[in-house]
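Here the structure is laid out as structure tokens; the discussion comes afterwards.
The values are calculated or read from the model by the stated rules, or taken from the named source; none is laboratory data. Note that this is a predicted model, so its numbers are computed, not measured. Quick reminder, even Gly has a Cβ in these numbers, built from the backbone with ideal geometry, and neighbours come from all protein chains shown.
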Amino acid sequence: MRIAMIGSGYVGLVSGACFADFGHYVTCIDKDAAKISALKQCQIPIYEPDLEQLVREGVGAGRLKFETDLGCIAEADAIFIAVGTPSRRGDGHADLSYVHAAAREIAPHLKGFTVIITKSTVPVGTGDEVERIMRETNPGANFAVASNPEFLREGAAIRDFKLPDRIVVGTDDERARKVLGDVYRPLYLNQAPIMYTTRRTAELIKYAANAFLATKITFINEIADLCEKVGGDVQQVARGIGLDNRIGGKFLHAGPGFGGSCFPKDTIALIKTAQDAEAPLRIVETVAAVNDARKRGMARKVAAALGGSLRGKTIAVLGLTFKPNTDDMREAPSIPLITALQDLGAVVRAYDPVGMDQAKRELPDVTYCDSTYSCAANADALVIVTEWEQFRALDLNRLKKEMAQPVIVDLRNIYRPDEMTEHGFTYESIGRPANAKAGPGHHHMVRRL
Ligand SMILES: NC(=O)c1ccc[n+]([C@@H]2O[C@H](COP(=O)([O-])OP(=O)(O)OC[C@H]3O[C@@H](n4cnc5c(N)ncnc54)[C@H](O)[C@@H]3O)[C@@H](O)[C@H]2O)c1
């Protein structure tokens, strides 16, 4: 198949490189000329494990190309739109200007039957609008518009793309079904179920999936808060409920609140769609509100660990990106957390293995350090915000020597409270008894309640 990918960001680049790896001929297109010239040299503009190798292989095999110009798309059997759909300023609806612009730009180049596929996450009905724009721009064109939402996760994007739980294809057009069947054949030979639906249903599936996952995270976060008040261990609660197959153990890690390039904007966009349709999603509305308040609230947890006040205190933050193995800072919980720490009078130092260049744009008033231990030097508290592998086995003795006070606030629960106590740290985590194994004190408290 000949495939064109419009937009070469996290989704377009990973999808394009994987399609080339399947044996298709792929051209990744982007308006950003600097991005494309870097990609032509196999320099990857984002941090995503194993992506550089895959791009090199595709380019080496002559199956993966990069262009700023749309001229080449005339030959394509399938044109994917993978441009951004950020939150629109002011009202939180999905900003579809990039998708609409892409449709307008593609239309004049079409030759022969072509399938246009929206891979970007777009509100229900966007496929109709893309079709209308293309028809209006090029009335004689022979095309079908399909929806094929993407479910990959940054940090594990290649594996997710190659071993998806499912592939969703939304179209009523038989020819489009066949083209997408051919595009994804290598995957369903590997047993990935391909699910055909209408275009509107496919568009809804993506938002419903993200809203449900965001709900799961927010649910366990609130259970964690309850655990802290009444003396329970949220990790055991999560395991205890997750072993029930109807619930499932994934996405039940309590933490500082969800962030990232998708969940925050997608939950809000779905809320807006539902309100406009007069079928409000009150659960999702609550999830978004609870999560919003949580991120900043984490600063109060840090203050409490230091006796209540952060004025003049130095706080070392480990991890800035919204999750490990990505450099993506979009809506990272570290941003409202650090801003709140500063508002409370703290001086913030930070270290992240790959995210600091991106972070500097969002958080200019932070001292960026080049390692965990230089970051911890003279700090009154160390806050673990992103669970990068390299933070999982810190040298606690060295850390204690470097720090002004031995206080650790672990927002990802990657350490055991008893281990920290043994090393002489004051240790706070999420939804677990502080500084002790679940000791008798807690049982008494529960009984009293
Ligand atoms: N990042 C993820 O993990 C993820 C996962 C699933 C779905 N999605 C969805 O996929 C879409 C893309 O997300 P992303 O994270 O890859 O965004 P991104 O910002 O990394 O990439 C978008 C790219 O599109 C380019 N672009 C914009 N308009 C263009 C045009 N008219 N022609 C050519 N290029 C153009 C931009 O220059 C940019 O490089 C969004 O709708 C997002 O919600 C993202």
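For region 198-216, the criterion of being among the aliphatic types (A, V, I, L, M) and away from the ligand (no atom under 15 Å from the Cβ) is satisfied by no residue at all. Only one entry of 233, 328 meets the criterion of being over 29 Å from residue 10 (Cα atoms), modelled with pLDDT of 95 or more and either of a type in the set (A, V, I, L, M) or surrounded by 14 or more Cβ atoms within 10 Å (Cβ to Cβ) (or both), and that entry is 233.
Among the residues of region 295-307, the ones that are more than 24 Å from the chain's Cα centre (by Cα) and closer than 14 Å to residue 341 by Cβ come to 7 in all.
Checked against the criterion of being within 14 Å of the ligand (Cβ to nearest atom), under 15 Å from residue 12 (Cα atoms) and in contact with a strand residue (DSSP E or B) (Cβ under 6 Å, 6 or more places away or on another chain), the candidates 123, 149 yield just one match: 149.
Just one of the listed residues (45, 49) is over 24 Å from residue 107 (Cβ atoms) and either more than 15 Å from the ligand (Cβ to nearest atom) or touching a helix residue (DSSP H, G or I) at 6+ places or on another chain (Cβ under 6 Å) (or both), and it is 45. The sole residue among 367, 386, 339 that is within 20 Å of residue 309 (Cα to Cα), of a type in the set (Ser, Thr, Tyr) and touching a residue at least 12 places away in the same chain (Cβ under 8 Å) is 339. When residues in region 40-70 are screened for being aliphatic (A, V, I, L, M) and either in a loop (DSSP other than H, G, I, E, B) or under 20 Å from residue 99 (Cα atoms) (or both), 4 of them pass.
Could you tell me whether residue 37 is outside any loop (DSSP other than H, G, I, E, B), among the polar types (S, T, N, Q) and more than 19 Å from residue 159 (Cβ to Cβ)? For residue 37, the condition - outside any loop (DSSP other than H, G, I, E, B), among the polar types (S, T, N, Q) and more than 19 Å from residue 159 (Cβ to Cβ) - is met.
Results for (1) over 20 Å from residue 328 (Cα atoms); (2) among the hydrophobic types (A, V, I, L, M, F, W, C); (3) near the ligand (Cβ under 9 Å from one of its atoms), shown as yes or no for each residue.
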{"residue": "10", "(1), (2), (3)": "no, no, yes"}
{"residue": "30", "(1), (2), (3)": "no, no, yes"}
{"residue": "71", "(1), (2), (3)": "yes, no, no"}
{"residue": "77", "(1), (2), (3)": "yes, no, no"}
{"residue": "107", "(1), (2), (3)": "yes, yes, no"}
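Contact annotation: residue pairs with Cβ atoms under 6 Å, 6 or more positions apart or on different chains, pairing a residue in region 156-175 that is over 13 Å from residue 205 (Cα atoms) with a partner that is loosely packed, with under 14 Cβ neighbours inside 10 Å and of a type in the set (D, E, K, R), are 158/50. Residue 33 meets all of the listed conditions (1) surrounded by fewer than 17 Cβ atoms within 10 Å (Cβ to Cβ); (2) of a type in the set (A, V, I, L, M); (3) in contact with a strand residue (DSSP E or B) (Cβ under 9 Å, 6 or more places away or on another chain) but one, namely (3). Residue 238 meets the conditions (1) closer than 30 Å to residue 406 by Cβ; (2) among the small types (Gly, Ala, Ser); (3) in contact (Cβ under 8 Å) with a residue 24 or more places away in the chain; (4) in a helix (DSSP H, G or I) in every case but one. The failed one is (3). Scanning region 295-336 for residues being touching a helix residue (DSSP H, G or I) at 6+ places or on another chain (Cβ under 9 Å), over 17 Å from residue 347 (Cβ atoms) and of a type in the set (Gly, Ala, Ser) gives a total of 3. Quick one: is residue 3 buried (at least 24 other Cβ atoms within 10 Å of the Cβ), over 21 Å from the mean Cα position of the chain (by Cα) and either under 19 Å from residue 358 (Cα atoms) or within 16 Å of the ligand (Cβ to nearest atom) (or both)? Yes.
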